[in-house]
There are 2 protein chains.
Amino acid sequence: MKNKFVSFVFLLCSLSALGETGYELWLRYKPVENTRVLQSYQKNTKALIVTGSSATIIIIKEELARGIRGLLQKNISSTDKVSYDGTIIAGTIQSNSLIAKAGIDKLLLNTGDEGFIIVTRIINGKSCIIISGNSEKAVLYGTFHFLRLLQTEQSIEQLNILSTPRMKLRMLNHWDNLNRTVERGYAGFSIWNWHTLPNYIDIRYKDYARANASLGINSTVLTNVNANATILSSAYLEKVKALADVFRPYGIKVYLTARFSAPIELGQLKTADPLNAEVQNWWKEKAKEIYTYVPDFGGFLVKANSEGQPGPQDYKRTHADGANMLADAVAPFKGIVIWRAFVYSNENPVDRHKQAYDDFVPLDGTFRDNVMVQVKNGAIDFMPREPFHPIFGAMPKTPLMMEFQVTQEYLGQSTNLVFLAPLFKEVLESDTYSKGKGGTVAKVIDGSLDNHKLNGMAGVSNIGNDINWCGHPFAQANWYALGRLAWDHNLSSEQVADEWIKMTFTNKPSFVSAVKKMMLESRDIMVQYSNPIGLHHIMGTGHHYGPAPWVNNQRRPEWNPVYYHKADSVGIGFNRTETGSNALVQYQPEVRKLWSTMTDCDEKYLLWFHHVPWNFKMKSGRNLWDELCYNYYTGAERVKQMQDAWNKLKPFVDAQRFDQVRMLLKIQYDEAIWWRNACLLYFQTFSNRPIPAQYEKPDKTLDYYKSLRFPFAPGN
Amino acid sequence: MKNKFVSFVFLLCSLSALGETGYELWLRYKPVENTRVLQSYQKNTKALIVTGSSATIIIIKEELARGIRGLLQKNISSTDKVSYDGTIIAGTIQSNSLIAKAGIDKLLLNTGDEGFIIVTRIINGKSCIIISGNSEKAVLYGTFHFLRLLQTEQSIEQLNILSTPRMKLRMLNHWDNLNRTVERGYAGFSIWNWHTLPNYIDIRYKDYARANASLGINSTVLTNVNANATILSSAYLEKVKALADVFRPYGIKVYLTARFSAPIELGQLKTADPLNAEVQNWWKEKAKEIYTYVPDFGGFLVKANSEGQPGPQDYKRTHADGANMLADAVAPFKGIVIWRAFVYSNENPVDRHKQAYDDFVPLDGTFRDNVMVQVKNGAIDFMPREPFHPIFGAMPKTPLMMEFQVTQEYLGQSTNLVFLAPLFKEVLESDTYSKGKGGTVAKVIDGSLDNHKLNGMAGVSNIGNDINWCGHPFAQANWYALGRLAWDHNLSSEQVADEWIKMTFTNKPSFVSAVKKMMLESRDIMVQYSNPIGLHHIMGTGHHYGPAPWVNNQRRPEWNPVYYHKADSVGIGFNRTETGSNALVQYQPEVRKLWSTMTDCDEKYLLWFHHVPWNFKMKSGRNLWDELCYNYYTGAERVKQMQDAWNKLKPFVDAQRFDQVRMLLKIQYDEAIWWRNACLLYFQTFSNRPIPAQYEKPDKTLDYYKSLRFPFAPGN
């Protein structure tokens, strides 16, 4: 029997070694490998008490059983009274009398609606682990946190955990079109199969909700900000309802994008003027209709008067007029409106960097209470590195929502390993100096700086119907990071990476430390081989794939890379100081000071704010041109180092995911060389300086790089 | 230990009961359940001898080990000499000296290039199973056949199997666009991720090839017949090469669609005239280039002068002129050209049914030896039921390739359970009476009737990047059926279904018989609730989703459903007899006789060939209108019966697939009601007769059905 068992286990191991698809994300629940830890876990997981019959309670019960089955290889017995040490009790005070009597009431005064506690208590003389909170949703979050402790092999003895989310809205924005293409999506088709909804419920919908709940993500915008009014038709609202019904027990509210001209397109009105009574009434009736389908509908996300989208300015009204009209429509149902500040205009000759601020800051204080303004992390557009958006800290009367991009539109799309937590953290920790030192972007968006009850953080989703959800196996880490940082922006990038690696691959220390190093450096590396020293927006036109700094033939000036780098015989970079566009004036004086002179400016942002001569002496002692070469060559070289590091990790990873990452790192290296060569050859036509002799020369010509075309690049 | 083992097995079973994704297709290799059979298998699978190191040999070895590991739950030991009874020896005479000495030379005289034998022989006094053929590819086919025996619990004692394919080309046509949308695709995005090719090899490419090899499919056209010339650019040929390299060891050759105007679009020529020397030369050079990337490139599939595609007629040349030019370009490399006969013209007022015959039959004998003409199974367009295409049997000097549609464009797309083997068989068994009785379509396309060495059968793929490949779990059966019938068109639908069910679900007899009944009836049911009595092409315009017999506003007359049903106050149906379009004249007299009079015509095709009065008396005794009602109501009712039958099968199926099919059958029932009500309400406006009293009345109005819009229906 023993032999049979051993060979059977061997069989299974050999099967699983064949490959993991990645579908399980960070919720794989593989057997705990550390035997000392395992013993403690076994001792503390003897029985499970989860009472109640709501959909969320059933999910909690099933998730705990599933997690323990996978991690500890046993079926935990469900019971209703405490008979053993090691009983896990999960629920609310209302749903579970044992919890009501466990003396945790005081703790729960500090957890709000969504926070949870995980504590060890003696009940009936037995040591129990209690997972609780003031709502079932909170208990669900606690459940996933408890399982995360096991997945990352942390102690579950004498637990005393209290965790509350720092932000109210923790949100994904899907830029998914109704035809299932995904704008800036690099992981296949949209997971929303609108055609077969509402009657076919893809198991992915549930798995999506489960994955989000495991991170504390509680809101999702189903549709592209470049919106289609059809989503608001009754046929589609039935489909939306079906999704909302799946998501609800996981604590996730549904939002939709509202096309501003929907009253014309769907309602046959002649105008969409927000001050027109008929228009206002159309939206009120539409809101009422939506809430009959989805009683807890979250509200609308709106992109208006930006990149061709209709909006209130079409009728000489302000963004506030537009937002407030929609806000009034959803207010009776406690809905909110999230209005995007990502605007720039064809007709406006002012530096694009300044336009959103110019449009929105004067409106501060004029928005309804249930309006949030959603601001991208930087003023241009999700660049690999970008100074924080000057609107943060400049609209204290308006709750501002953070918009990060999880999908890697400008950061290597689906083929580059780039961990985004360092980018998110860099922005969140930036000090706006609104109200003096310490007014970080994080404090602006979590509402603590200006005392806003509405607050939150959104990430533009990187999810598609690829089997592994995100295309690149490491792209899952960015979904994970968005969720975890929205819950607690004080987590370090290192902590987030550590958790994700352990849950997604293994707890083996040598693997964890090697991969963590790769991940934590990856964003810097990407900046270095693509957009060093503050360069930005020099990628391919339209699809944004690869380098194309030479493009100068686009209809709108600010769509041309040359608009951003302004390379000439003197130097390179965008002068945004007083002698230039003066975008700097939009920042607080303390911030301005950091960046306003060429000599003192943080070199990360040097070419962002200054037009710098080719012979300018950098802190390294190199002149600017040589520094540029240094960065491009070093960035590419560091990708090679990532390849080498990964290749050494083969023993720790299943064959399928090992090979996927290996192939993708090869592509990343090729793309880094491409960025390096194309940019340096092009900028060299201005600098007229040689690439330093120690570097291998580009093996292709600038004309070759210019000739490349990618008519079917994804996500466009 | 025993307890631990049992609970461990229980754990695994409970995990697998949670759900199967369907990714494994019919190659699941689940443990054999019948213990008597299992004993025999264990006895006959003691050791494995597969010698050689070619890629195909390695695949054979791995597949046998994998199959036995899954089916028999053991690792079979690899060896190089016969020491046990129950040794499996796989290879060619060339690669394996044991096989060379096994006395099977004579058998192999009858297996051709691709056929295989599986025979039991005594070697060194031990009973061995030999899997062999005249090529490694043949051995691979034998390997999959052997594993199929185990999967379907057939005896492997005293084996004496010889199997050869009846057709040379067994092919999938992918209508996949370079942007990854799939024309008439209902299973997600294209599995070809052109953007990440050639350096990223998705594991699906290998799994795709493996699945095809398991059926004997040996050819694949990667791109849409509505072609884009970009696929012929060198950047894309590198990607094609990467796929061809993956497919080659599985015996699969790659073909591409050739856009006829490519010399203009890619080559900057002023013309694509096939008689122009520059054009001819461009294609010769292009072919040469392709073969540098893919030395065994299969050739081109061409849609020309059809539905807007460019072609030789743009230059007043014939289809033969166009095909022969391309044929000359690929001939030096043994490539072929497959030229589609699916043509009809905007300017041609003749019944669309007749146009392809009119265009192509006069060209018989004028095509080069390496040209095949690919003919859809019927003259209109993959209808739910269609008489065989009159070209079959009418071009004896030209090898004709069958084009079936595996994707269910007109047969319920991804939401209806419709098993297509009965449709394929109905066509294949149709007698063309070319050369007298017995000249079936099967004999035309397998080359036996007219002695063509080039012969084959293609299916338009239903494969996408949905996790289960085909969308509907039962759609996998249609891929399976296409492959199996291309190998042996004498297999019955019942045999094909039987194999597929056992491999895809379980061998349990009560499940197999119930599901087989559903599958074998499903196509008739679909015809009955959508297009009974010979009705055709009355579906929604463009997307072809759902009923829309009222549409009469399309630019081209033959794009309008009213063109096909011709309902009026007198009756309904398309008169294709001598008094009408006389499409019947294109068939042999014996065939014509079957269909030429209203009273004798097979009622399946009655409205296909006749305009029949509403009060015409049918064989059932009902008048035509009542018969129409009978069919629509009975068809819908039979879907209900399928639902009931499936619901009883819950104990036999994992939860995930059970639920998928349950939800889809509900949708199918709703769609059947929709077809029934919409069609009857509409045709009633002509018949002016009541729906017989025994039937429930439609609960929606004709206006309601006419108002339905599906702007984002898939596959359009």
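The values are calculated or read from the model by the stated rules, or taken from the named source; none is laboratory data. Values in this document were obtained by computation on a predicted structure and should not be read as measured data. No Cβ is skipped: glycine too gets one built from the backbone with ideal geometry, and neighbour counts run over all protein chains shown. Ligands, DNA and RNA are excluded from the accessible area calculation, which covers all protein heavy atoms including side chains. Shrake-Rupley method; radii C 1.70, N 1.55, O 1.52, S 1.80 Å.
The set of residues in region A:174-221 being closer than 19 Å to B:Arg184 by Cα, more than 8 Å from chain B (Cβ to nearest Cβ) and without any contact (Cβ under 8 Å) to a residue 40 or more places away in the chain consists of A:Asn193 alone. Flag: B:Trp479 does not match the condition of being within 14 Å of chain A (Cβ to nearest Cβ), touching a Phe, Trp or Tyr at 6+ places or on another chain (Cβ under 9 Å) and in contact (Cβ under 8 Å) with a residue 40 or more places away in the chain.
With respect to (1) in a helix (DSSP H, G or I); (2) of a type in the set (Phe, Trp, Tyr); (3) within 22 Å of the chain's Cα centre (by Cα), the lone exception for A:Tyr545 is condition (1).
Give the residue that is nearest to B:Lys397 (Cα to Cα), with candidates limited to residues of region B:428-450 that are of a type in the set (Asp, Glu) and either touching a residue at least 24 places away in the same chain (Cβ under 8 Å) or in a helix (DSSP H, G or I) (or both). For region B:428-450, the residue satisfying everything is B:Asp450.
Of the residues screened, B:Lys650 is one that is away from chain A (no Cβ under 14 Å), under 24 Å from A:Pro198 (Cβ atoms) and open to solvent by 30 Å² or more (accessible area, probe 1.4 Å).
The condition (being touching a Ser or Thr at 6+ places or on another chain (Cβ under 8 Å) and either closer than 22 Å to A:His353 by Cα or touching a residue at least 12 places away in the same chain (Cβ under 8 Å) (or both)) is satisfied by just one residue among A:Met618, A:Met598, A:Met642: A:Met642.
Screening A:Leu664 with (1) open to solvent by less than 10 Å² (accessible area, probe 1.4 Å); (2) over 22 Å from A:Ser707 (Cα atoms); (3) more than 13 Å from every other protein chain (Cβ to nearest Cβ) gives one miss only, at (3). Of B:Phe419, B:Phe511, all but one fail to be part of a helix (DSSP H, G or I), of a type in the set (Phe, Trp, Tyr) and either open to solvent by less than 20 Å² (accessible area, probe 1.4 Å) or over 30 Å from A:Gly22 (Cα atoms) (or both); the exception is B:Phe511.
Among residues of region A:27-47 that are part of a helix (DSSP H, G or I), those with a Cβ under 9 angstrom from a residue that is of a type in the set (D, E, K, R), sequence gap 6+ or separate chain, pair up as A:Val37/A:Glu153; A:Leu38/A:Glu153; A:Ser40/A:Glu157; A:Tyr41/A:Glu153; A:Gln42/A:Lys74; A:Lys43/A:Asp85; A:Lys43/A:Glu157.
One line per residue, one yes/no per condition, for (1) of a type in the set (A, V, I, L, M); (2) open to solvent by 40 Å² or more (accessible area, probe 1.4 Å):
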position: A:Gly86; (1), (2): no, no
position: A:Ser97; (1), (2): no, yes
position: A:Lys101; (1), (2): no, yes
position: A:Leu107; (1), (2): yes, yes
position: A:Asn110; (1), (2): no, yes
position: A:Thr120; (1), (2): no, no
position: A:Ile123; (1), (2): yes, no
position: A:Lys126; (1), (2): no, yes
position: A:Leu149; (1), (2): yes, no
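Among the residues making up region B:275-298, those that are of a type in the set (A, V, I, L, M) and either open to solvent by 30 Å² or more (accessible area, probe 1.4 Å) or more than 17 Å from B:Thr223 (Cα to Cα) (or both) are B:Leu275, B:Ala277, B:Val279. Only residues that are of a type in the set (Ser, Thr, Tyr), open to solvent by 10 Å² or more (accessible area, probe 1.4 Å) and within 22 Å of B:Gly142 (Cα to Cα) were counted in region B:448-494, giving 2. Go through the residues of region B:693-700 one by one and say whether even a single one is touching a residue at least 60 places away in the same chain (Cβ under 8 Å) and more than 25 Å from the chain's Cα centre (by Cα). Scanning region B:693-700 turns up at least one residue that is touching a residue at least 60 places away in the same chain (Cβ under 8 Å) and more than 25 Å from the chain's Cα centre (by Cα).
Which of the residues spanning region B:338-367 are of a type in the set (D, E, K, R), at pLDDT 95 or above and open to solvent by 50 Å² or more (accessible area, probe 1.4 Å)? Residues satisfying the conditions are B:Asp358, B:Asp359. Regarding region B:252-259, can at least one residue be identified that is under 25 Å from B:Thr143 (Cβ atoms), hydrophobic (A, V, I, L, M, F, W, C) and in a strand (DSSP E or B)? Within region B:252-259, one or more residues are under 25 Å from B:Thr143 (Cβ atoms), hydrophobic (A, V, I, L, M, F, W, C) and in a strand (DSSP E or B). Does B:Tyr605 fit the bill of being under 25 Å from the mean Cα position of the chain (by Cα), hydroxyl-bearing (Ser, Thr, Tyr) and either surrounded by 23 or more Cβ atoms within 10 Å (Cβ to Cβ) or more than 28 Å from B:Ala514 (Cα to Cα) (or both)? So B:Tyr605 fits the description; yes.
Restrict the check to region A:52-71 and report whether at least one residue is more than 30 Å from B:Tyr205 (Cα to Cα), open to solvent by 10 Å² or more (accessible area, probe 1.4 Å) and at pLDDT below 95. Yes, the conditions are met somewhere in region A:52-71. For region A:237-274, the candidate set comprises residues that are free of Cβ contacts under 8 Å to residues at least 40 places away in the same chain and open to solvent by 10 Å² or more (accessible area, probe 1.4 Å); within that set, the residue that is farthest from A:Gln309 (Cα to Cα) is A:Asp245.
Every condition in (1) closer than 30 Å to B:Val496 by Cα; (2) hydroxyl-bearing (Ser, Thr, Tyr); (3) open to solvent by 30 Å² or more (accessible area, probe 1.4 Å) is met by B:Tyr563 except one, and the failing one is (1). For the residues B:Met171, B:Met167, the requirement of being at pLDDT 95 or above, assigned to a loop (DSSP other than H, G, I, E, B) and away from chain A (no Cβ under 14 Å) singles out B:Met167.
Can you give me the number of residues within region B:20-34 that are polar (S, T, N, Q) and either in contact with a strand residue (DSSP E or B) (Cβ under 7 Å, 6 or more places away or on another chain) or within 14 Å of chain A (Cβ to nearest Cβ) (or both)? So the answer is 1.
Only a single criterion out of (1) under 19 Å from A:Ile59 (Cβ atoms); (2) without any contact (Cβ under 8 Å) to a residue 24 or more places away in the chain; (3) away from every other protein chain (no Cβ under 14 Å) is not satisfied by A:Asp105, namely (1). Going by the structure shown, is B:Gly335 open to solvent by less than 10 Å² (accessible area, probe 1.4 Å) and more than 28 Å from B:Ala583 (Cα to Cα)? Against the criterion (open to solvent by less than 10 Å² (accessible area, probe 1.4 Å) and more than 28 Å from B:Ala583 (Cα to Cα)), B:Gly335 qualifies.
The number of residues in region B:669-716 that are within 14 Å of chain A (Cβ to nearest Cβ), among the hydroxyl-bearing types (Ser, Thr, Tyr) and under 25 Å from B:Asp524 (Cα atoms) comes to 2.
Against the conditions (1) more than 14 Å from chain A (Cβ to nearest Cβ); (2) open to solvent by 10 Å² or more (accessible area, probe 1.4 Å); (3) in contact (Cβ under 8 Å) with a residue 40 or more places away in the chain, B:Ser414 satisfies every one except (1).
Of everything in region A:66-94 that is of a type in the set (A, V, I, L, M), away from every other protein chain (no Cβ under 14 Å) and assigned to a loop (DSSP other than H, G, I, E, B), the residue that is nearest to the chain's Cα centre (by Cα) is A:Ile93. Are any of the residues in region A:525-540 more than 27 Å from the chain's Cα centre (by Cα) and buried (at least 21 other Cβ atoms within 10 Å of the Cβ)? No: region A:525-540 contains no residue that is more than 27 Å from the chain's Cα centre (by Cα) and buried (at least 21 other Cβ atoms within 10 Å of the Cβ).
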